[in-house]
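Presented below is the structure to which this report refers.
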Amino acid sequence: MGLLSKKDAKLITDPLADNNPITIQVLGICSALAITAELEASIVMSIAVLFVLSVGNVVISLLRNIIPSKIRIIVQLIVVATLVIIVDLVLKAFAYELSKTLSVFVGLIITNCIIMGRFEAFALANAPGKAFLDGIGNSLGYAVILIIVGFFRELLGSGTLLGIQVLGDPIEKTGVYAFGYENNGFMLLAPMALVTVGIIIWVQRSRNTALVEDH
């Protein structure tokens, strides 16, 4: 972060922990529950959001002074929809099976609260450079949670990571034993994603009591 001022660096580092869009702002939770049964899908969704949010933030920032306030939401939706269509076409061209796994959830990036929230709260009020850093920071914060949840759900639910057998029954044809772990099918159900996110939130607040809400 040596090339960035302290204030600019915080645009990237804050969403990774103390202002994480999922665990602190409770945004974008739907995809964290829906597509994290496989680590690969979590990674690809994270990359997709990284592209859409960082580029979208820059575009909205560049247009901020010419967008009439009455139609700003429509313009934002057009920008994010265009970027999502690009992501969807790239996935279908180069990773068709994975695009089928992600299914409608790629399209639902359009309504991801993190993206629309950053457009409204930051991109419309800041220069393109800062908007880009904000997009990178928030999408990385989103990615960290998705990848952690995807890692544990696939590992404990299927005994695999990125489709490679790590735990479970003997690997077919090789006779190599993968620690004799019995897969926990509950981890593949959406409610377990919520439980996993809840554990992350608990650990985060245990480490930083300033995040605990006063009652």
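The values are calculated or read from the model by the stated rules, or taken from the named source; none is laboratory data. A quick note: this is a predicted structure, and the numbers were derived from the prediction, not measured. Backbone-built Cβ (ideal geometry, glycine too); neighbour counts: all protein chains shown.
Checking A125, A131 one by one, the residue that is more than 16 Å from the chain's Cα centre (by Cα), under 21 Å from I24 (Cα atoms) and of a type outside the set (V, I, T) is A131 and no other.
In the stretch 88-115, the residue that is farthest from I73 (Cα to Cα) out of those that are polar (S, T, N, Q) and outside any loop (DSSP other than H, G, I, E, B) is T101. Please go through the stretch 9-29 and pick out each residue that is surrounded by fewer than 16 Cβ atoms within 10 Å (Cβ to Cβ) and either in contact with a Ser or Thr (Cβ under 6 Å, 6 or more places away or on another chain) or farther than 30 Å from P191 by Cα (or both). Listed by number, the list holds a single entry, A9. For beta carbons closer than 7 Å, sequence separation of 6+ or different chains, a first residue in the stretch 128-149 that is over 18 Å from S42 (Cβ atoms) and a second that is surrounded by fewer than 24 Cβ atoms within 10 Å (Cβ to Cβ) and of a type in the set (D, E), the qualifying pairs are K130/D8; L133/D8; G137/D14.
Quick grid of which residues meet (1) over 20 Å from I12 (Cβ atoms); (2) within 16 Å of the chain's Cα centre (by Cα); (3) surrounded by 17 or more Cβ atoms within 10 Å (Cβ to Cβ):
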| residue | (1), (2), (3) |
| --- | --- |
| S31 | yes, yes, yes |
| A41 | yes, yes, yes |
| A48 | no, yes, yes |
| F51 | no, yes, yes |
| V58 | no, no, yes |
| R64 | yes, no, yes |
| P68 | yes, no, no |
| I73 | yes, no, no |
| V84 | yes, yes, yes |
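Of all residues being at pLDDT below 80 and hydrophobic (A, V, I, L, M, F, W, C) in the stretch 194-215, which is surrounded by the fewest Cβ atoms within 10 Å (Cβ to Cβ)? Just the residue, please. Among those residues, the one meeting the criterion is A210.
Matching residues to (1) without any contact (Cβ under 8 Å) to a residue 40 or more places away in the chain; (2) part of a helix (DSSP H, G or I); (3) hydrophobic (A, V, I, L, M, F, W, C):
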site: V26; (1), (2), (3): yes, no, yes
site: A37; (1), (2), (3): no, no, yes
site: I60; (1), (2), (3): no, yes, yes
site: N65; (1), (2), (3): yes, no, no
site: I74; (1), (2), (3): yes, yes, yes
site: T82; (1), (2), (3): yes, yes, no
site: G117; (1), (2), (3): no, yes, no
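The condition (being of a type outside the set (F, W, Y), at pLDDT 90 or above and surrounded by fewer than 18 Cβ atoms within 10 Å (Cβ to Cβ)) is satisfied by just one residue among P128, P170, P191: P128.
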